[in-house]
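One structure below.
Just so you know, all these numbers are worked out from the coordinates, no wet-lab data involved. Predicted model only: the values in this text are computed from it and were never measured. Cβ placement follows ideal geometry from the backbone for every residue including glycine, while neighbour counts extend to all protein chains displayed.
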Amino acid sequence: MTLCLYFAAPAVWDEYREILPALLAEAGIDAEVVTKAPEPAAVDYILYAPSAPLQDFTAFTRCKAVLSLWAGVERIVGNATLTQPLCRMVDTGLTEGMVEWVVGHSLRHHLGIDRHIVNPSHLWDPTCPPLARERRVAMLGMGALGTACARALAGLNFQVQGWSRTEKSVPGIPCFHGEAGLEAVLRGGDIVVTLLPKTPETENLLDARRIGWMKPGAVILNPGRGALIDDAALLAALDAGALGHATLDVFRVEPLPADHAFWRHPKVTVTPHIAADTRATGAAKVLVENIRRGEAGEPFLHLVDRARGY
């Protein structure tokens, strides 16, 4: 029998308790899912959240793969004891949630909705916003999530340009890469979305110099990782009027401390890391498919490249 150890948030276990065994049986896999293993050496797969207290994988000598429930693996990818294959979560529900958050907040800023919702003087201002085809979006990060968001915004007629550290090609989306490409998309972007993993190369990607490339009044949306943006540089640009607004879903410290300047800044919107979440109904299917592949000797889905960090 295949033994799967669930080692993630106990509060979420109830969401997986019934669906995982049912899907494993449906896939023809004789498996048991437990929250506590009799001994580490008996475990075949670890279903894992990088925030879990398990940080030493040395004793799991039979483990064929660690299957993350999160899209981001930066907390664990550098763990020297993790020698087993590591797979990140790529799930349709997670992608759909991210697309909805990015599209919703892009439209909010594009349409200037805030000035109508917050209008204490009852000012009648019939100024119409430009059309989406007149607004340019810079999508920093063209992985699964960034590409899905870019396509959704392009479907609404926004001028979308993609950027990634290495060269990529996405049909219908002009793509740029490298430092020169980053400068080009930032200088043209009315809305800049950051959807990159946290790696040594992406930390503080938007520093004071690069924020300085952005158009006056441009808006930043960050549902990616808090460390992608230099907080002090962002606040300075907002205070100077160089940027129009920042809508942030991720932070260097979470929950965001109550005394953090982001909470009080009139040009910052804080959302509590809700842009995309792993939903058990979709994630369980991804986990089971990878277990099936492992048992059949097939390549795992969404295998993490340790050298790149994602």
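Quick notes on this one:
- Per-bin percent of Cα-Cα distances, segment 72-136 [10 Å]: 15, 27, 22, 17, 13, 6, 1
- Couplings 3J(HN,Hα) for segment 36-41, derived from phi with the Karplus relation 6.51 cos²θ - 1.76 cosθ + 1.60 (θ = phi - 60°), are 8, 7, x, 7, x, 5 Hz, where x marks Gly and Pro.
- Hydrodynamic radius of segment 198-288 per Kirkwood, over alpha carbon pairs, in Å: 14.3
- Unit charges on C-beta of K, R, D, E only; dipole of segment 93-270, Debye: 340
- Per-residue HN-Hα couplings for segment 137-143 [Karplus 6.51, -1.76, 1.60; θ = phi - 60°; Hz; x = Gly/Pro]: 10, 9, 9, 8, x, 10, x
- Burial ranking of peptide ranges 155-163, 258-266, 294-302 (average Cβ count within 10 Å, highest at the top): 155-163, 294-302, 258-266
- Cα convex hull volume per residue for segment 122-186 (Å³): 108
- Counting Lys and Arg as +1 and Asp and Glu as -1 over every other residue whose Cβ lies under 13 Å from the Cβ of residue 138, the net charge comes to +3.
- Across segment 1-153 the C-alpha pair distances fall into 5 Å bins from zero in the proportions 2, 7, 13, 15, 13, 10, 9, 8, 6, 6, 5, 3, 2, 1 percent.
- On a per residue basis, the convex hull of the C-alpha atoms belonging to segment 93-270 measures out at 124 Å³.
- Among 113, 173, a tally of other beta-carbon atoms within 10 Å of each Cβ gives an order, fewest to most, of 113, 173.
- Within the listed set 168, 36, 198, the Gaussian network model of the chain (springs between alpha-carbon atoms below 10 Å) gives the highest mean-square fluctuation for 36.
- Unit Cα scatterers, Debye sum, segment 149-215: log10 I(q)/I(0) for q = 0.13, 0.20, 0.28 Å⁻¹: -0.35, -0.85, -1.46
- Taking all pairs of distinct alpha-carbon atoms in the chain, Kirkwood radius in angstrom: 21.0
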